[in-house]
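Worksheet: one structure, shown below.
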Amino acid sequence: MKTLKIFLTLFAAAIFSISCSSDNDSDSIKYSEENPLDAYLAATGFSQKASDIKNSSFYEYGFSFKPTVTGKINALIVKIPDVSTSLKVTLWDAAAKTIIKSEIVVVPTANVTVEKTITSIALTKDKEYYLTVNSNDWINRTKTDGTNATYPVTAGNITITGYGFVVTTEGNPIFPTTFPKTYYAGDVSFKFQQTE
């Protein structure tokens, strides 16, 4: 009987140990999502002055960036001063100037931020990407004194390396060719989540 009690005690201890061990193994770190836009606008001073541009020519505009950690984009975020049923947002490989993924975002109300959850896109640490939007509407953001921003800009786990644009046609994404430092036209951004 004493042997049986010892056996049951050891058996219960072994099960508890295995249970705790497997619980700890399955608990992976869950990183918070982050949107780099506000930190970028604050650091550059482009949060100081904004004006709405509506129904202009079509441009492809946005910013280049590098994640400082491996992660993924879970959602796209846009805000423009007009409505749109077909706003095209594109993620580019900056070095190759090739499209990784384009998504259509519906903007039902002017000047209201829209977030679209997407199938996650994996991003490689220290690789440069470009996020652009194809539109004839944007919020033009500058410093009150009109001076240049200094790049790169650290915004959490994202380093923003510049802003750029190119004249295009509706729905036709083209890689930016002009890179001013005195303003940012937007708003386009994303939700980034570290994965390791």
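The values are calculated or read from the model by the stated rules, or taken from the named source; none is laboratory data. All values reported here derive from a predicted model rather than from experimental measurement. Cβ placement follows ideal geometry from the backbone for every residue including glycine, while neighbour counts extend to all protein chains displayed. These accessible areas exclude ligands, DNA and RNA; they are computed on the full protein's heavy atoms, side chains included. Shrake-Rupley method; radii C 1.70, N 1.55, O 1.52, S 1.80 Å.
A few remarks follow.
- Per residue, the chain exposes 52 Å² of solvent-accessible protein surface, assessed with a 1.4 angstrom probe and all protein chains in place.
- When the C-alpha to C-alpha distance is required to be over 29 Å, the pairs from 72/97; 49/72; 54/127; 30/181; 49/116; 79/181 that qualify are 49/72; 54/127; 30/181.
- Rg to Rh quotient for the chain, alpha carbon positions, Kirkwood Rh: 1.25
- If the segment from residue 124 to residue 96 were pulled out straight at 0.36 nm per residue, it would be longer than the present Cα-Cα gap by 8.6 nm.
- Each residue was assigned an accessible area with a 1.4 Å probe, and for residue 91 the value is about 10 Å².
- Other residues whose C-beta falls under 9 angstrom from the C-beta of residue 139 contribute a net charge of -1, scoring Lys and Arg +1 and Asp and Glu -1.
- Each residue, residue 177 and residue 150, gets one label point 7 Å from its Cα in the Cβ direction; the gap between the two is 3.2 nm.
- With the whole protein complex present, residue 137 retains an accessible surface near 10 Å², based on a 1.4 Å probe.
- Potential lengthening between residue 143 and residue 53 on full extension [0.36 nm per residue; Cα-Cα distance subtracted]: 30.7 nm
- Ordered by solvent-accessible area of protein heavy atoms (1.4 Å probe), largest first, the residues 82, 145 come out as 145, 82.
- A 1.4 Å probe over all protein chains sorts 70, 132 by accessible area into 70, 132, starting with the largest.
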